[in-house]
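Following: one structure in structure tokens, then a few remarks.
Bear in mind that the values in this text are calculations on the coordinates, not laboratory data. Bear in mind the structure is a predicted one, so any value in this text is a computation, not a measurement. So basically every Cβ, Gly included, is an ideal-geometry build from the backbone, and we count neighbours across all protein chains shown.
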Amino acid sequence: MWTFYDDYIDALKAIAEPTRFRLTRLCAQGELTVSELMRIVGQSQPRVSRHLKLLQDAGVLESFREQHWVFYRVAQNAHCQQLISGLLKQLPMDDDLMELDQARLNELRDARAKLSEEFVETEVPDWLRLHEYHGDELRFSDAVKKALAGRDVGHLLDIATGTGRMLKIAGPLADSGVGIDLSKKMVMVARNALAEADLPHLTVRQEDMYQMRFPARHFDTVTIDQVLYFASNPDALIKEATRVLKPNGRLLLVAFTEAVEAKTPPSVSIAISDIQHWLEEAGLKITATNVLPGDVLDISLLVSEKTKDRP
């Protein structure tokens with residue numbers, strides 16, 4: 001945690017250099033790799049890497065590795081966020097160099113968006129058709145926000161984030177957050193979605209949802225949106241989600257359940273009794289259930305609280 005004096009001074013010293021200030025401004029807008037930053041600021045890899053190391057050593061930036069790439073962004077602690085936000089607000093809007101940086105960043109984002117769109121159109125249309133069963137997206141979004149109301153969302157984890165839909169709904173309510181997905185391409189799609197939604201306090205990582213690299217008791221809120229049907233071991237998934245949840249933290253689980261009036265429902269529904277059993281077996285206490293009726297499938301939102309740690 002930052003101290004009021006020493007860490008602020010170290011951060012200001014690190015930022016107080018033209019290239020490092022540019023890099024800080026860029027990383028405040030989202031996650032960028034060294035090669036992407038090189039293209040934007042027009043400097044060599046050794047020089048950019050050196051600047052990034054100084055910024056990271058001073059606590060201004062943080063990084064994470066994703067296969068062969070290392071991504072950088074502004075550190076997500078509140079003190080650093082306040083400092084960087086305050087400094088950036090003082091910048092003139094018509095600076096030529098910043099306008100050039102921004103234009104190059106926008107070009108990079110456009111290229112990311114094109115790759116993301118091509119992937120979604122060619123490789124996941126069947127999966128996206130399931131969204132048709134959600135009916136009105138505004139109704140669903142309102143139901144999620146209502147389910148999470150009453151307490152701070154805090155540090156958020158969205159498991160198997162897919163296109164980042166849940167992050168876009170719940171993310172604005174969170175102080176910080178992470179979405180994970182095993183698919184490298186879906187991570188790319190979700191990362192682009194966060195950039196378009198202007199949610200730089202959120203990040204996306206490639207992770208195995210059954211063996212996440214996060215420490216125990218790490219997140220205030222965990223969301224699992226329409227994943228159980230695709231999970232080979234839903235019981236194990238919920239137990240792993242519970243492991244990374246803080247004591248008294250909340251899990252919001254969303255799943256298709258069979259509509260009462262449906263004659264031939266699609267085979268993507270989960271028995272709500274099974275869901276309740278898995279939650280209870282993981283040491284979670286169900287505190288709220290909301291069922292959104294549908295013509296073919298209902299959408300069930302279950303909120304549960306972590307009551308105790310399991311060995």
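Using label points projected 7 Å from each Cα along Cα→Cβ, tell me how many nm separate Lys89 and Arg151, to one decimal.
About 3.1 nm, to one decimal.
Only bridges with both residues in the chain count here: give the DSSP antiparallel percent, nearest 5. List each step's numbers first, then the result.
Values: 25 of 45 bridges.
Counting only bridges with both partners in the chain, antiparallel ones make up about 55 percent.
In debye, nearest 20, what is the charge dipole magnitude of the chain about its Cα centre with +1 on Lys and Arg Cβ and -1 on Asp and Glu Cβ, if you could check?
On the way: 37 positive and 46 negative charges, 187 e Å.
Computed charge dipole of the chain: roughly 900 debye.
Would you calculate a helix-derived [θ] at 222 nm for the chain, using -39,500 (n - 2.57) for each DSSP H run of n ≥ 4 and dividing by the full residue count, to the nearest 500?
Dividing the helical sum by the residues of the chain leaves -13500 deg cm²/dmol.
Eight or more residues apart or on different chains, and alpha-carbon atoms under 14 Å: count the Lys pairs in the range 127-306 matching that.
Numbers: Lys145/Lys168; Lys239/Lys285; Lys239/Lys306; Lys246/Lys285; Lys246/Lys306; Lys285/Lys306.
Close lysine pairs under the 14 Å cut-off: 6.
Of the residues Leu91, Leu148, Leu237, which exhibits the maximal mean-square fluctuation in a Gaussian network model of the chain defined by a 10 Å Cα contact cut-off?
Taking springs between Cα atoms under 10 Å, the residue moving most is Leu91.
What residue among Leu83, Leu97, Leu55 has the largest mean-square fluctuation in a Gaussian network model of the chain, using Cα springs under 10 Å?
Leu97
Given springs between every Cα pair under 10 Å in a Gaussian network model of the chain, which of Gly86, Gly154, Gly179 has the largest fluctuation?
Greatest mean-square fluctuation among the candidates belongs to Gly86.
Over the C-alpha atoms of the range 6-112, what are the Rg and the largest Cα-to-Cα span, Dmax, in Å?
Both quantities, over Cα of the range 6-112: 13.1, 40 Å.
Helix 272-281 against the longest principal axis of the chain: what's the angle in degrees, Cα atoms only, rounded to the nearest 10?
On a 0 to 90 degree scale, this one is about 60.
Placing +1 on the Cβ of each Lys and Arg and -1 on the Cβ of each Asp and Glu in the chain, which of Phe140, Val187, Ile169 has its Cα farthest towards the positive end of the resulting dipole?
Positive-end residue among those listed: Val187.
Suppose every K and R has +1 on its Cβ and every D and E has -1 on its Cβ; what is the size of the dipole of the range 167-311 about the Cα centre, in Debye to the nearest 20?
Working: 16 positive and 19 negative charges, 115 e Å.
Computed about the Cα centre, the dipole is about 560 debye.
Along the charge dipole of the range 6-112, which of Cys27, Val41, Val70 sits closest to the positive end, that is, farthest toward it, with unit charges on the beta carbon of Lys, Arg, Asp and Glu (+1, +1, -1, -1)?
About the Cα centre, the residue reaching furthest to the positive side is Val70.
Read through the labelled values (1) 61, 44, 35; (2) 65, 50, 42; (3) 65, 43, 33 and report the label of the one computed as Cα extents along the principal axes in Å from the structure.
Matching the structure shown: (3).
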